[in-house]
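All remarks here apply to the structure that follows.
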Amino acid sequence: MAEVISASHISKSYGDCKAVDDLSLSVQSGEFFGFLGPNGAGKTTTIRMLTGIMRPDAGTIHIDGHEVRNRQQLSRAIGVLSESRGFYGWMTGEEYLRFFAGLYGIADAERTVSSLLEEVGLGEHKRKTIGAYSRGMEQRLGLARALVNRPQILFLDEPTLGLDPQGQEDVQQLLRRLNQGGATVFYSSHLLHEVSRLCSMVAIINQGRLVATGTLDALERQTGSKDLQSVFFALTNP
Amino acid sequence: MLRLLWSKELKAGLYTWKSLAWLLVTSLIFSVTSYLMLTNRELSLLDQTEMLWLLSKVILSAALLVVVIDSSSLITSEFEQETIECLFLAPLTLKDFVLGKLAVSFTLWALVYLVAAPYVIVTSAGSQLTCAMLGYTALYGSLTVLGFTLLVFAVSFFYRSLRNTLTTSLTVLLASSISALFSSGLKRSAFARALGSINPLDNVFASLDNVLVDYQVSLGRNLSFLLPLVGFCAVMFGFLLLALRAFSRKGITKD
């Protein structure tokens with residue numbers, strides 16, 4: 001398997017506070033990679049650096065073999081559901097996706113938008129303005145936006161946040177389908193049961209440093225724990 | 001992409017009635033000014049050329065005020081609504097982003113100009129200055145709108161907040177028009193002259209006086225007024241480049 005996400009010794013500070021400290025990680029093509037950590041551990045900052053939204057103070061990042069410098073080239077290869085989920089409240093869901101499909105220069109935008117809205121379960125609400133959407137519907141729309149260019153590498157920051165149990169299940173199934181179709185998924189979440197169900201590899205970050213990475217079995221063996229929750233507590237509260 | 005961003009902003013403006021409200025306000029200002037010129041005892045005694053000069057100043061001032069206020073929210077709203085991150089996760093260049101927003105500011109200026117045109121035509125009837133007034137208003141309006149919009153955009157990238165951007169931009173705009181408050185004695189002072197030679201609005205109004213009151217219609221006779229304005233636009237362009245460089249260095253999200 002080829003390495004599609006590679007971060008080497010990346011660091012980022014906000015003033016005196018070191019948000020990410022000398023972090024290195026590697027994700028192989030087709031992996032469902034879980035990225036865990038307590039609040040303020042540096043997950044979102046790491047994702048922002050990996051997706052080119054923020055520049056690291058030190059270190060290098062390669063996505064799909066290219067160094068993260070050319071943001072345009074990078075943005076065509078990846079799909080991102082970020083932590084900040086600003087929407088244009090006056091647009092309908094359909095208009096919003098059509099706008100982003102236009103930015104990506106998608107040829108058959110109408111069909112792409114319609115099928116994406118159906119995939120994320122917003123087909124019935126596509127003509128409602130986003131201002132009238134619930135938190136869960138916004139989350140689905142954000143996911144659809146991340147998929148609008150049919151990327152092979154997905155960065156998802158808390159994708160099931162605000163969704164009801166059925167919504168969580170739908171999104172998990174969609175992500176599993178995408179992963180089975182060959183997409184690499186970089187998945188950040190606080191929901192450990194979700195991560196253990198979906199992810200083939202897990203990395204845990206604490207206070208800006210990567211404290212462990214490996215398969216769930218390997219991490220359980222390493223910490224002498226019997227599930228991901230125990231692994232998480234053992235590694236983040238040593 | 002430029003067209004996409006432009007149409008998005010126009011739809012947002014129409015949806016919130018913001019743009020239409022501005023056009024209504026400018027239309028009212030022009031109507032009241034024209035009405036006063038015809039009915040107010042002192043104003044109606046003005047020469048037609050003086051009246052035209054006054055109207056052109058009103059048109060440009062109203063347009064600048066509207067464009068500066070409206071443009072202040074064009075970029076800052078993307079920061080404040082946190083939509084900027086999604087935009088730049090798409091393959092959108094900073095150049096396309098700025099040009100798209102600039103096109104919106106110019107659309108608003110063009111609409112204000114269209115609203116103003118009938119007032120110019122009616123007020124200048126019989127003076128043989130209609131074309132000159134329309135032409136110079138378009139030229140100076142476009143250049144001042146360009147300069148001030150570049151300033152607003154630069155400040156938007158530095159502050160990333162509507163309140164600070166609006167306050168700073170309006171302060172600069174008001175400071176540029178401060179010489180209008182000078183007494184005639186003060187206007188002759190070395191300070192006022194020095195200020196007048198570099199102040200874009202002073203040069204615009206002086207040039208319009210030259211064209212409309214003194215009949216110096218040719219562009220060559222107005223180059224000395226035009227050059228400081230072009231210089232102002234160049235300085236603001238440099239300021240915007242600095243702001244964009246700082247923005248690229250800092251990253252799309254604030255540290």
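In degrees between 0 and 90, to the nearest 10, how far off the longest principal axis of chain A does helix A:165-180 point, with axes built from Cα atoms? Relative to chain A, helix A:165-180 is tipped by roughly 80 degrees. Given the options B:S176, B:S73, B:S184, which has the most mean-square fluctuation in a GNM of chain B, springs set between C-alpha atoms less than 10 angstrom apart? Result for chain B, Cα springs under 10 Å: B:S184 fluctuates most. Farthest toward the positive end of the dipole of the protein assembly as shown, out of A:M49, A:S11, B:I252, is the Cα of B:I252, where the dipole comes from beta carbon charges about the Cα centre. Ignoring everything except DSSP H segments at least 4 long, calculate the 222 nm mean residue ellipticity for chain A; use -39,500 (n - 2.57) per segment, divide by total residues, nearest 500. For chain A, the value works out to -11000 deg cm²/dmol.
With Cβ to Cβ distances under 14 Å as the rule, what net charge do the other residues near B:L43 carry (K, R +1; D, E -1)?
Values: positive: B:R41, B:K57; negative: B:E42, B:D47, B:E50.
Its environment carries a net charge of -1.
To the nearest 20 debye, what charge dipole does the stretch B:29-163 have about its Cα centre, counting +1 at the Cβ of each Lys and Arg and -1 at the Cβ of each Asp and Glu?
140 debye
For chain A, the antiparallel share of DSSP beta bridges with both residues in that region comes to about 55%.
Is the shape of chain B best called rounded, prolate or oblate, per the rule: a/c under 1.5 gives rounded, else a/b larger than b/c gives prolate, else oblate, with a ≥ b ≥ c the square roots of the Cα gyration tensor eigenvalues? It is prolate, given that a/c is not under 1.5 and a/b is the larger ratio.
With +1 on each Lys and Arg Cβ and -1 on each Asp and Glu Cβ, how big is the dipole of chain B about its Cα centre, in debye rounded to the nearest 20? Working shown, then result.
On the way: 18 positive and 14 negative charges, 92 e Å.
Here the size comes out at about 440 debye.
Going through the DSSP H helices of chain B, which span 20 Å or more along their own axis at the Cα atoms while scoring at least -0.5 as a mean Kyte-Doolittle hydropathy? Both cut-offs are met by B:18-39, B:48-80, B:94-123, B:130-159, B:162-176, B:223-250. By other beta-carbon atoms within 10 Å, ranking A:H125, A:H190, A:H9 with the fewest at the front produces A:H9, A:H190, A:H125.
For the stretch B:137-222, what is the charge dipole size about the Cα centre, in debye to the nearest 20, if Lys and Arg each add +1 at the Cβ and Asp and Glu each add -1 at the Cβ?
Working: 6 positive and 3 negative charges, 46 e Å.
Computed charge dipole of the stretch B:137-222: roughly 220 debye.
Charge tally around A:G42: other residues with Cβ under 12 Å, Lys/Arg +1 each, Asp/Glu -1 each, net +3. Note on chain B: with a GNM built from Cα contacts shorter than 10 Å, the maximum mean-square fluctuation among B:L219, B:L170, B:L64 falls on B:L219. Write down the percent of antiparallel bridges among all DSSP beta bridges whose residues are both part of the protein assembly as shown, to the nearest 5. Around 55 percent of the beta bridges assigned by DSSP in the protein assembly as shown are antiparallel ones. For the residues B:A125, B:A12, B:A190, a GNM of chain B with alpha-carbon springs under 10 Å puts the largest fluctuation on B:A190. Using alpha carbon centroids, what distance separates the stretch B:1-52 and the stretch A:167-238, in Å? So the separation of the two Cα centres works out to 59 Å. Shape of the stretch A:39-116 from its Cα gyration tensor (a ≥ b ≥ c, root eigenvalues): rounded if a/c is under 1.5, otherwise prolate when a/b > b/c, or oblate? Oblate shape, in that a/c is at least 1.5 and b/c is the bigger or equal ratio.
Residues B:T83, B:T149, B:T76, A:T215, arranged from fewest to most other Cβ atoms within 10 angstrom of their Cβ, appear as A:T215, B:T83, B:T76, B:T149. Of interest is the spacing of the C-alpha centroids, which for the stretch A:25-59 and the stretch B:119-143 amounts to 59 Å.
Can you figure out the FRET efficiency of A:A132 with B:T93, using R₀ = 30 Å and their beta-carbon distance, to the nearest 0.05?
Numbers: r = 33 Å, r/R0 = 1.09.
The formula returns an efficiency of 0.40 here.
Taking 27 Å as the straight-line reach from the Cα of B:K250, the lysines in range (excluding those fewer than 8 positions away in the same chain) are A:K12, A:K18, A:K43, B:K8, B:K95, B:K101. Taking the number of Cβ atoms within 10 Å of each Cβ as an exposure proxy, the fewest-first ranking of B:R41, B:R245 is B:R41, B:R245.
Other residues with beta-carbon under 13 Å from the beta-carbon of B:L129 carry, at +1 per Lys or Arg and -1 per Asp or Glu, a net charge of -4. Kindly identify the stretch A:134-199 as rounded, prolate or oblate by the Cα gyration tensor criterion: order the square roots of the eigenvalues as a ≥ b ≥ c, call it rounded if a/c is under 1.5, otherwise compare a/b with b/c, prolate if a/b is larger, else oblate. Oblate is the answer for the stretch A:134-199, as a/c is 1.5 or above yet b/c matches or exceeds a/b.
Sum -39500 (n - 2.57) across every DSSP H segment of at least 4 residues in chain B, then divide by the residue count to get the 222 nm mean residue ellipticity, nearest 500. After summing the helix terms and dividing by the residues of chain B, the value is -27500 deg cm²/dmol.
Just so you know, all these numbers are worked out from the coordinates, no wet-lab data involved. Being a predicted model, the structure only gives us computed values, none of them experimental. Counting neighbours? That spans all protein chains shown, and the Cβs are built from the backbone with ideal geometry, glycine included.
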